[in-house]
Amino acid sequence: MCVPTVTTGYVPAVDSAHALTADVSVAQTASAAELFLADGVVLTGTATGLPADPRELKEVKHAVKIPVLIGSGVTLENVRDYLDANALIIGSYFKKEGYWANGVDPDRVKKFMEHISKLRD
């Protein structure tokens, strides 16, 4: 499987500033990243491994022209929610038993990619 490399700009404290920037939407934050010439933005859940909010994906895709990636919590069961993303970063789901510290499980990768192919048809 070939995975393209995407260079992203960094907006300080985007990952941890939710409490400090509760008055700023994720779409506004993504727009700021675009303004600062980021090559793309990564949406994640509220904690490591948790899925991103599909509504936020729609909001951000509408707000910016740069690529929008989903960076956590993608599974076979919810991938349909993220088909509009420009890319998916999949870690734990591809690991044995879905646990991040385990090695990659080729069967899980194959099953996932077959599922994606069916969804795209």
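The values are calculated or read from the model by the stated rules, or taken from the named source; none is laboratory data. The structure presented is a predicted model; accordingly, all values stated were derived computationally and were not measured. Reconstructed Cβ throughout: ideal geometry from the backbone, glycine too, with neighbour counts over all protein chains shown.
What the table below lists for this structure:
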| quantity | calculated |
| --- | --- |
| The range 51-64 residues that are assigned by TED's automatic domain parsing to the domain that holds Asn78 and touching a residue at least 40 places away in the same chain (Cβ under 8 Å), paired with ones that are aliphatic (A, V, I, L, M) and not in a helix (DSSP H, G or I) (beta carbon under 9 Å, 6 or more apart) | none |
| Selection count, the range 91-117, where residues are in a loop (DSSP other than H, G, I, E, B), at pLDDT 95 or above and hydrophobic (A, V, I, L, M, F, W, C) | 0 |
| Test: residue in the range 74-85 that is under 30 Å from Gln28 (Cβ atoms), at pLDDT below 95, out of contact with any Cys (no Cβ under 9 Å at 6 or more places or on another chain) and surrounded by 14 or more Cβ atoms within 10 Å (Cβ to Cβ) | no |
| Selected residue (criterion: farthest from Asn102 (Cα to Cα)) from residues of the range 40-90 that are hydrophobic (A, V, I, L, M, F, W, C) and assigned to a helix (DSSP H, G or I) | Ala63 |
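Residue-by-condition table, conditions (1) in a strand (DSSP E or B); (2) in the same structural domain as Lys65 (by TED's automatic domain parsing); (3) modelled with pLDDT of 65 or more; (4) exposed (fewer than 10 other Cβ atoms within 10 Å of the Cβ):
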position: Met1; (1), (2), (3), (4): no, no, no, yes
position: Tyr10; (1), (2), (3), (4): no, yes, no, no
position: Val14; (1), (2), (3), (4): no, yes, no, no
position: Ala22; (1), (2), (3), (4): no, yes, yes, yes
position: Ala27; (1), (2), (3), (4): no, yes, yes, no
position: Ala30; (1), (2), (3), (4): no, yes, yes, no
position: Ala33; (1), (2), (3), (4): no, yes, yes, no
position: Ala38; (1), (2), (3), (4): no, yes, yes, no
